[in-house]
Structures are given as structure tokens and as C-alpha cells.
Amino acid sequence: MKDTYRKNAGRVILSLVPLVIFGVMSPLRACVIQVLVDSDNIGELLEKCPIVVAFSLGVLLFEWLSRSRQTIVAGDMEMDLRNRLIHRLFSISEDQFEKKSLDYYLSKFAAGIRMILEDGVNNLYDMILQAVYVITAVIYLLCTEPLLLPVVAVAGAGQFAASCILKRKACFTEERYTRALEDYLHGVRSVLGGRKVLRAFDAVKQVLVRQENLNDYICREKESASRTLYGLKALASFVGNGALLIVLWSSMFFAVTGRITMGELAAVIYSMSFVFKPCRKIADGILRLKALEKETAEMESLLTGESNEQANPVSYPQTYMFKDTVFNNVALYQNYSRDQVIEALREAGVYDTIRKLPMGVDQEISEGGKNFSEAELQGIALARLLLRKKGALAK
């Protein structure tokens, strides 16, 4: 993980340049709103239109640049992580590899890396963008009416704290339901795996009753989690709307007393969307990073674990077949010629059968070798071994 971050550090920093520019320009649309609303006549309004169009196109350009650079960097990091992981899994000892199931390792290639990218890399990009939003909007408010700043600061801090507390509570509730569901599924797998024993001992009825009770418990947990989640969302909406109303009332007060213009009032209201919503997103991003710690630690352990590259350098599992051609199953993607593979198949006594297939040695073996007989599969496995023995003798 650390090596991947270091390897892409330069590109990450460069990709942040358009992101920060976009983050600054977006809240500054408030300035555009201000000058448009404060226009005295149609002629002045039309004169400002080209500036508005140019500014909007600039925002669009830097948003596209920032998103495209982020996508490229994230894609490169994903490729690097997958390559490093597959190399590492071939270098660890068999004992270490077998401590986990194959499903566990496959999940790291898919869900694990996706989680690291979404909740880690992309989440960090978004948090930086939200932070730039807030800083730019606060500076604008400070320049427009300094007395608004304490009101916005208190309202924003309150919403940030409320979002953190509510999100943490929601995560705890969801985690409790997830654990209950996992326990239920483990139970289902266990009873289905042992159904012959249960039938033999006439224990099916008792087990089904137990599973029905567990299913009822799962449904109640789901209902409880949903009610809690909806309640938290309603409360978060109440806090957000309350904060917005406080700022709106304060802004109206300054507009009525003549401290700010109507254009500045409209701009201040627009700026609030770059304070309150980003505060919620930053709070959510912090919790996502916290939840990612376990997955990151597991991935780091896999990538930096014990290496066993020199141990047992020649050891060939003989019967496993890949979902690939006969040729690739014999050559195992190594630099063997077609004639060498055919000769090995002939010595294994299976070439006469293989050459009669529609694609010959290019015939694909389906998953599990279901489209070949056991004898044919054993012959292909033997050819695989004979090919390597010949290569070793030639050396």
C-alpha cells in the first residue's frame, strides 16, 4: 500500500492542481450572482453576460480536468495494487497461503481494492475538494460581511458535529444488522452442508424451526436498523435546515439594515451550499476513512507478508485445469513452441484424441474440465509434466 502511494505521489499532487482551482472557482460563482443582481439596467446586465459565460466555461473546464486526472490516477493505482497482489500471492509460502480461503484472496482483488479506492483514494480527493469549497466560501463571506462569519462558523460547526455523531450511530446500527445477517448465513451454509446427516437422524424439523426463528430475528433487526436510519436522516435534515435558517435570518437582517446589497444577499445564500453540505461530506469522509482502517491493514499485511520465492522452486500440481486452451494448459503461458506441446501430448498418449477436436490444441477447457473426460485431463496433466522434464534435461 505505502509503495503504491509513494509510486503515484507525484501524479496525485499534479492532479490536485485542477481540483483546487475548480474548488475555488465553484463557490466564487457567488460573485457572478452578486454582479448580476446588482446590475442597474439591462445594458449593464448584457455587458456582464460574456464575463459570466467565460467564468462558467472555466469552471466546466477545470471540473473536467480534475475528474479526468483523478480517474487516471485511481485507475493506475488499481492496476498497481492488483499486479503487486498477484505477484505477492505467488511468493508466499503454501502454509501461509492456506491460512485463508481462496474466496478471501479473490475478494481482495475485487471488493477489497474497490473499497480502498472508493473509501480511500476517491474519498480523499472529495474531502480535499469539500475543504477548498468551505475555505473559499468562508473567505468570500468574510470579505462581504465580517459579522456573518461567526454565525456561519457556529452553524457549520454544529452541523459538522451533528453529522459525525449521527453517522457514527447509523454505522453502528448497520454493523449490528450485518453481523446478525452473517451469523444467519453461516448457519444456513452449515445446515445445508449437513442436510444428509440431518435427514438420517430425523432432525430436519427442529433445524427448520431454529432457522425460522433466526430469520425472524434478522427481519426484526433490519426493521430496527431502518427505523433508526430514517430517524437519523430526519434529525440531520432538521439540523441542516435550522443552520440554514439562522444564516438566512442574519443575512436578511444585514440586507434590511443596508450593510449588504441584494446581490450580496443572493450571493451569501448561494455560498451557504458550499459550507453546510461540504461540512456533512467531510464528516462522512472521516468516518469512511476510519472504517477503512481494517481493510487497509489486511491489504498491507498481504502485500508485505513473508516471501517464499526460493522454496520449492519446481512443484507442479498435476490435475488442476485452467479455463483456457489445451495448449495454454500444457505450456502454462511459458515459452514453449507448438511442436513441443504437441510432442508432449503425443508422449502422454492423448494427442490423437486432442487433434480430432474442432480446435485441436486450441480447444478451450471449460471450468472444472467438464468438457473433457477424466482420462483426457490426466493425459493433459501428464503432458504438462513431461514438457517440463524435457526442458529441465535440456538445460
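Condition test on Ala283, is it at pLDDT 85 or above, within 30 Å of Gln159 (Cβ to Cβ) and part of a helix (DSSP H, G or I)? Before the answer, list the steps.
On the way: at pLDDT 85 or above: no; within 30 Å of Gln159 (Cβ to Cβ): yes; part of a helix (DSSP H, G or I): yes.
So Ala283 does not fit the description; no.
For the structure I just gave you, tell me whether Ser101 is under 25 Å from the mean Cα position of the chain (by Cα) and modelled with pLDDT under 85. Yes; evaluated as a whole, the condition is true for this residue. Residue-level check: of (1) farther than 30 Å from Val275 by Cα; (2) open to solvent by less than 50 Å² (accessible area, probe 1.4 Å), Ser39 misses just (1).
Please work out which residue is nearest to Asp284 (Cα to Cα), limiting yourself to segment 220-243 and to residues that are small (Gly, Ala, Ser) and surrounded by fewer than 13 Cβ atoms within 10 Å (Cβ to Cβ). Let's see the steps before the verdict.
Taking segment 220-243 and keeping what is small (Gly, Ala, Ser), we get 224-226, 231, 234, 236-237, 240, 242-243.
Right, trim to surrounded by fewer than 13 Cβ atoms within 10 Å (Cβ to Cβ) and you get 234, 237.
Working: Ala234: 16, Ser237: 15 Å.
Across segment 220-243, the extreme among qualifying residues is Ser237.
If only one of Ile116, Ile92 is touching a Ser or Thr at 6+ places or on another chain (Cβ under 7 Å), under 19 Å from Ala297 (Cβ atoms), modelled with pLDDT under 85 and open to solvent by less than 50 Å² (accessible area, probe 1.4 Å), which one is it? Going through Ile116, Ile92 in turn, the sole match is Ile92.
Only one of the numbered conditions (1) modelled with pLDDT under 85; (2) of a type in the set (A, V, I, L, M, F, W, C); (3) over 24 Å from Ile135 (Cβ atoms) is not met by Val247, and that is (3). Against the list (1) over 30 Å from Leu229 (Cα atoms); (2) open to solvent by less than 70 Å² (accessible area, probe 1.4 Å); (3) at pLDDT 75 or above, the condition Ala203 fails is (3).
Modelled with pLDDT of 75 or more and under 30 Å from Leu36 (Cα atoms), is that true of Arg259? Here the answer is yes, as Arg259 does meet what is asked.
The values are calculated or read from the model by the stated rules, or taken from the named source; none is laboratory data. Just so it is clear, the model here is predicted, and its values are computed rather than measured. Reconstructed Cβ throughout: ideal geometry from the backbone, glycine too, with neighbour counts over all protein chains shown. SASA here: full protein model, heavy atoms, side chains in, ligands and nucleic acids out. Shrake-Rupley method; radii C 1.70, N 1.55, O 1.52, S 1.80 Å.
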